[in-house]
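Trainee: Below are the structure tokens for one structure; questions will follow.
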Amino acid sequence: WQALDVLTNLAGRALVERSVGGAGGGGARITEAGQSLLAMADALEQARAQVLQRFGGPAGVSSAAPGLGLGVRTSMRNLWPCRVGALQAQGAQVRVWLLPDGGGDASGIAARITEESAQLLGLAPGLPLMALCKAAAVQVLPSAPRSDVHAQANAWPAQVQRVARADRAGPREVVAQLPWGGSGVGYAAEPAEGESWTLRAGRKVWLTVPESAVVLAVAD
């Protein structure tokens, strides 16, 4: 499911449709977009094998073509394809306003980076990039955050898709659908003393993340 969440964010379309509860206990099916992605993956793997065979290397080894199998893995659970919307200088820092792919009129994402980082990345309006964020930096709230918190952090309404089983004490991991269609992974805030709230699929929540916790990645 974690891999599907990442793939869905990168594809910008639902790859699996889930149904919760019901007489059959719910389930999931691959969408037409998911079937197309599987067919594309098969075609790409066949083409890769043919290229490697042509240059004398076995399908599973890329020594004959350095870099062909190079990939990057990251521990960050949140990966959102975006484009730069605007840049706002704030002293030695730059506030970068990002427009998520497929976002329509949905709220954007704000990142706060150094002026030097913005120059090194060559940031400019319209530039495609990836916004990344650790799940530990994302807080899941039962209602909209206070206005003072909202002003200093990204805050988005969301709908719970999945809640991790509580195998141990502590914050619960939550996967929720964001306004632009992507998924966000974060941790539910501990309720205040005397308060309680129930986490379940379909519940409306809010996700918040500090602007300084959003990392930007640009294709080289």
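The values are calculated or read from the model by the stated rules, or taken from the named source; none is laboratory data. This structure is a prediction, so every number in the text was calculated from the model and none was measured. Glycine also receives a Cβ, built like all others from the backbone with ideal geometry; neighbour counts cover every protein chain displayed. Just so you know, the surface numbers come from the protein's heavy atoms only, side chains and all, with ligands and any DNA or RNA stripped out. Shrake-Rupley method; radii C 1.70, N 1.55, O 1.52, S 1.80 Å.
Trainee: When residues of region 40-54 are filtered for being open to solvent by less than 60 Å² (accessible area, probe 1.4 Å) and within 29 Å of the chain's Cα centre (by Cα), how many remain? Give the steps one after another, and end with the answer.
Mentor: Taking region 40-54 as the starting set, the residues that turn out to be open to solvent by less than 60 Å² (accessible area, probe 1.4 Å) are 41, 43, 47, 49, 52.
Next, only the ones that are within 29 Å of the chain's Cα centre (by Cα) stay: 41, 43, 47.
Summing the residues that are open to solvent by less than 60 Å² (accessible area, probe 1.4 Å) and within 29 Å of the chain's Cα centre (by Cα) in region 40-54 gives 3.
Trainee: Just the residues that are open to solvent by less than 50 Å² (accessible area, probe 1.4 Å) and at pLDDT 85 or above, please, taken from region 182-198.
Mentor: Taking region 182-198 and keeping what is open to solvent by less than 50 Å² (accessible area, probe 1.4 Å), we get 182-186, 188-189.
Scanning region 182-198 gives 182, 183, 184, 185, 186, 188.
Trainee: Output the number of residues of region 68-102 satisfying the condition of being modelled with pLDDT under 85 and more than 18 Å from residue 217 (Cβ to Cβ).
Mentor: 3
Trainee: Inside region 91-111, can you point out the residues that are assigned to a strand (DSSP E or B) and open to solvent by 70 Å² or more (accessible area, probe 1.4 Å)?
Mentor: Across region 91-111, the qualifying residues are 93, 97, 99.
Trainee: Can we say residue 61 is more than 20 Å from residue 5 (Cβ to Cβ) and modelled with pLDDT of 60 or more? Break it down into steps so the answer makes sense when it comes.
Mentor: Numbers: more than 20 Å from residue 5 (Cβ to Cβ): yes; modelled with pLDDT of 60 or more: no.
No.
Trainee: Which condition number does residue 164 fail, the rest of (1) loosely packed, with under 15 Cβ neighbours inside 10 Å; (2) touching a strand residue (DSSP E or B) at 6+ places or on another chain (Cβ under 6 Å); (3) modelled with pLDDT under 90 being met?
Mentor: (1) is the only condition that residue 164 fails.
Trainee: All but one of (1) modelled with pLDDT of 90 or more; (2) over 18 Å from the mean Cα position of the chain (by Cα); (3) within 30 Å of residue 211 (Cα to Cα) hold for residue 111; which doesn't?
Mentor: Unmet condition: (2).
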